[in-house]
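The values are calculated or read from the model by the stated rules, or taken from the named source; none is laboratory data. None of the values given here were measured: they were computed from a predicted structure. Methodologically, a virtual Cβ is constructed for each residue, glycine included, from the backbone with ideal geometry; neighbour enumeration extends over all protein chains shown.
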């Protein structure tokens, strides 16, 4: 029973949604679902926060190695939550001073924007910037002319890398006009518009069919592994 | 001959290419750091930038905005967050600058939660600092962030005020002078999206532009990673496309050239993209060098293996 | 200690030495200046009922004004003194027409501070902000701490990691609350409350919106049922609903935008004639355009052949699949090349932060008039 | 409820399945024929719709005739999948080509057991309203079952609360069906943070510390793909990735041992299950692909002839294909 009902909920909801796309009166069902989903996801944050608190409190109470880091995580979590939920230090919006919570958390100079500017931004954008290092090491290691496929991969990357900087202009900019198509910057655009378009199109068509088949497996009740395991 | 064969041999006894192949990747990281920081220091101190030759896609962006009559409405969507600002902020700045200089009426929206902040910052840097005559609510308005991704886009097609019931100041949409006659997105002759992923330019094409291709023109600025997916739409659905910092630098140089005043140097904040092309060049050369070295190792090893 | 470790130690020492040298010479580094602005608003008549805000806000404003007369005023006054007063906002009621005022601090380039000091050494309008300066140094520390992960895992990285997890988890929770739950759910279910406390411009919710939000609330409560000792299985229902709806919606949207649109876009003529301005056919361009179309169509069909599951990759299909893989590899190479560009721009932005905002080594924006 | 379910299950599993499938196909064909007919009537000469003035008759409120082509496509794919499943269930052998990445799953899980290390499974960074996350979770179900059988531990850090809950349900049931309910621990499936790079910081940190023997990345990925894959490479883990985000595929291809590209990723769960019904859906996908190839070839041919010799018949055909079959 615990598995049957969810399965039928999914099947009915799914088919209803599919049909709603074709019924002019129900076309906004998808948008409504987006709202409902966002609200459910926001409510479910309680579960995520609970899991986060639990894992770190357990580490703390067991005095696991590195429990000090759990203190940092928990402390920063609670402080940020407190400041943000209560809009600490946020003045009301000058247009609506009568509403105490009308001000935005993002106001310059607030504790919230301090956290954002001096903690979240540097931490996350530096994490993002690590990619520059990883692309270099990945290119060094993986781009070797082992076979035809690898050669195509690395030659294309080569053309685009050079074609998208001043180096391309210097190297091939002197090509005469009739051969301008071979200039690196034009070649890289040609590759983008022909080969890359073809590859991406096929991938997209394949994905559409894959999504349709995956969806139908769920809606026909053939694949129940998302409910866990094989058969009910 | 596999790398494992060398496990037991003394490091110095290995041939040069084996040693090079097993080089600690931290040295590559250090090279990358130097390749980026060196040019930044050099350009920062000397102030010199590399020249740009605008490509077709960037020229198209400039022309799309340039051909609009003054006071036209432009919808500008900030679909990125500060994490991608390094790549997208220069083009956002230049796009807003060209619109402001052309005296277009700009409506800013954000479909990324943090997009509102970057929009606010751009408005401050460009409009408030350099075009103080433009009035909020009459010449430009920031509608802030709306959750819902594509749902918001679809709603924009039918009911603008429902999609964005208030602006970022909290003013109801119906009270904003410049939006009085705006019922739906197709009343904007131009849509600009600066996007770092989902939802972004691709979704704008799928849900808005493909439905209203006749009424609306669309220009997009995107990160390097999403550019390959957008090129197939250029120039049919996306009239102009700025791909990554290179596209930004090309476009920036065009905007600067068109707005240049004799004897007055361009403000440094309008040269961000061109400044970033310096580290770009050296780092790209490093990447190319690394690929070449990797292959030299590969072939040296293959020859040794065959011998 | 291995030779490599020694080398890294030397490199690290050089960086630290450069940093110290930087601190000793020049016009300083890593300071943030702010400019004070006064904000005064008049409460509308209708405000008297539930608001509140004014009493406490003016109290906080006066607190910061008095502080601003002393030497070290800064944003800290808003950030620190206001928290103490803000919660008390709720209880005071006031007569209509009262004004409330507070101060805001906006970051300004050091150049403005120098100019202001030159004009009037006793000015207090532009000052150095301690909280923001500390923040800047912290941000620099975090940047370096994350970079240190490239060398090896270490306590600095672990501190940064623990912090970013805690802070960002709460951050998104708060965004979810104020940007989704309050306007969407509370705005539909308790519009009066939201109107009076948060968003006076709230548009009255429609019936359908209210029904959907009640439904969302029920689903949300079912999700949270898990926290109770019994009946946690009921949380599978909302999940099933979400999975089912997602499947239904995505089938339609993917077939429409990916399959149909992409297939239609591929139906290109294999022969193209390009005419130039004079109306004559340009043979060279026509040839190139035709080749491009042939390559494009071949590519799409060959790549699709690669994705066939129920046919062995042998014979004609095998050959096509092989060509398909070549196309995919070219696609991936192009994507890789393009992406590299973006990643380097991101690193450049972080390095600029270190060199410009923190170390004041370069001044591309002429903020310090170097 | 149970009885209803039993009846329906019987329909879906037994021979009567054939009857149902036939019925479904006939019903779908009838509906699509009527839909096509109604759309034909509403804007009569099929060929000239582009220039014909819009008819004044309003579309029936129960069906949006502009989407007839889309509807037909979905009916077609649905029918193709249904018939293939029916054929598969009736015992016709299905040959599915080898997918190297999926052949490697068992070995990769076994390796973790041998080395006494854990398995890391990252179900992407998007929420449950993304079909890739759902596909990632179905894959998690399979991997977790194998892991339970091999007695390997599986760690699933998640980026969304709902995904955490769904992943817990999935893994719990997998352990249950493998007969090792006692081996399941909900604490190994944790919520980290909704923030993309906050999540990445934690996952790579714990990868370096705990050195999982095998890493699976299955779901929707963005920039973090390469950070995960390079870190996994540095700690010497076997890495199997699958995503439909085409912008991230190059990085997985370059840095992982095996990568499921786009459609292969969606096929993974069905492939691994080995059940005829599921494998049948893969055949259904192929039928859809074949139809697309034929249509593209047809369209290309028509438009090429159109350029060389513009004849009315071909123009008609071409427009017909574009407007009706692809809704262009």
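So here's what we get for this one:
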item: Of all residues making up the stretch A:194-213, the number that are over 13 Å from residue C:307 (Cα atoms) and either touching a strand residue (DSSP E or B) at 6+ places or on another chain (Cβ under 7 Å) or more than 7 Å from chain C (Cβ to nearest Cβ) (or both); result: 1
item: Odd one out for residue A:15, checked against (1) surrounded by fewer than 19 Cβ atoms within 10 Å (Cβ to Cβ); (2) more than 9 Å from chain C (Cβ to nearest Cβ); (3) at negative phi; result: (2)
item: Unmet criterion (only one of (1) modelled with pLDDT of 95 or more; (2) within 7 Å of chain A (Cβ to nearest Cβ)) for residue C:218; result: (2)
item: Matching residues in the stretch D:83-102 - criterion: being under 18 Å from the mean Cα position of the chain (by Cα) and either assigned to a loop (DSSP other than H, G, I, E, B) or free of Cβ contacts under 8 Å to residues at least 12 places away in the same chain (or both); result: D:96, D:97, D:98, D:99
item: The stretch B:223-251: number of residues that are within 25 Å of residue B:270 (Cα to Cα), within 12 Å of chain C (Cβ to nearest Cβ) and free of Cβ contacts under 8 Å to residues at least 40 places away in the same chain; result: 4
item: Candidates B:166, B:202, filtered to the one that is in the same structural domain as residue B:62 (by TED's automatic domain parsing), at pLDDT below 90 and farther than 30 Å from residue D:125 by Cβ; result: B:166
item: Elements of type helices (runs of 4 or more DSSP H) contained in the stretch C:203-293, each with 2 or more residues being surrounded by 19 or more Cβ atoms within 10 Å (Cβ to Cβ), under 29 Å from the mean Cα position of the chain (by Cα) and free of Cβ contacts under 8 Å to residues at least 60 places away in the same chain; result: C:207-224, C:236-254
item: Meets criteria (assigned to a helix (DSSP H, G or I), closer than 17 Å to residue C:341 by Cα and modelled with pLDDT of 85 or more) for residue A:191; result: yes
item: Residue A:224 touching a residue at least 24 places away in the same chain (Cβ under 8 Å), touching a helix residue (DSSP H, G or I) at 6+ places or on another chain (Cβ under 9 Å) and within 18 Å of residue D:266 (Cβ to Cβ); result: yes
item: Residues within the stretch D:177-220 that are facing another protein chain (nearest Cβ under 9 Å), free of Cβ contacts under 8 Å to residues at least 40 places away in the same chain and not in a helix (DSSP H, G or I), tallied; result: 8
item: Qualifying residue in the stretch C:188-211 (condition: modelled with pLDDT under 90, out of contact with any strand residue (DSSP E or B) (no Cβ under 9 Å at 6 or more places or on another chain), more than 7 Å from chain A (Cβ to nearest Cβ) and on the phi > 0 side of the Ramachandran plot); result: no
item: Residue check for residue D:248: buried (at least 24 other Cβ atoms within 10 Å of the Cβ), outside the structural domain of residue D:85 (by TED's automatic domain parsing) and touching a helix residue (DSSP H, G or I) at 6+ places or on another chain (Cβ under 8 Å); result: yes
item: Residue list for the stretch B:233-260, restricted to those being surrounded by fewer than 24 Cβ atoms within 10 Å (Cβ to Cβ) and under 12 Å from residue A:193 (Cβ atoms); result: B:233, B:234, B:235, B:236
item: Residues of the stretch D:118-130 classified as crowded, with 24+ Cβ neighbours inside 10 Å, touching a residue at least 60 places away in the same chain (Cβ under 8 Å) and within 14 Å of chain C (Cβ to nearest Cβ), total; result: 3
item: Helices (runs of 4 or more DSSP H) wholly inside the stretch D:230-318 that include at least 3 residues being in contact with a strand residue (DSSP E or B) (Cβ under 9 Å, 6 or more places away or on another chain) and more than 10 Å from chain C (Cβ to nearest Cβ); result: D:263-273
item: Residue identified as surrounded by fewer than 24 Cβ atoms within 10 Å (Cβ to Cβ) and farther than 23 Å from residue D:246 by Cα among C:316, C:323; result: C:316
item: Residue list for the stretch A:102-118, restricted to those being within 30 Å of residue C:187 (Cβ to Cβ) and facing another protein chain (nearest Cβ under 7 Å); result: A:102, A:105, A:106, A:108, A:109, A:110, A:111, A:114, A:115, A:117
item: Residue tally, condition more than 7 Å from every other protein chain (Cβ to nearest Cβ) and in a helix (DSSP H, G or I), over the stretch C:294-316; result: 7
item: Residue count, the stretch D:146-176 (criterion: buried (at least 19 other Cβ atoms within 10 Å of the Cβ), within 11 Å of chain A (Cβ to nearest Cβ) and in a helix (DSSP H, G or I)); result: 15
item: Any hit, the stretch B:93-110, residues being buried (at least 18 other Cβ atoms within 10 Å of the Cβ), in contact (Cβ under 8 Å) with a residue 12 or more places away in the chain, within 12 Å of chain C (Cβ to nearest Cβ) and within 30 Å of residue C:254 (Cα to Cα); result: yes
item: Residues located in the stretch C:150-163, provided they are in a helix (DSSP H, G or I) and without any contact (Cβ under 8 Å) to a residue 12 or more places away in the chain; result: C:150, C:155, C:158, C:161, C:162
item: Residues (part of a helix (DSSP H, G or I) and more than 8 Å from chain C (Cβ to nearest Cβ)) located in the stretch A:140-162; result: A:140, A:141, A:142, A:151, A:162
item: Test result for residue B:286, outside any helix (DSSP H, G or I) and at pLDDT 90 or above; result: no
item: Some residue of the stretch B:129-138 being more than 11 Å from chain A (Cβ to nearest Cβ), under 24 Å from the mean Cα position of the chain (by Cα), farther than 29 Å from residue D:220 by Cα and without any contact (Cβ under 8 Å) to a residue 24 or more places away in the chain; result: yes
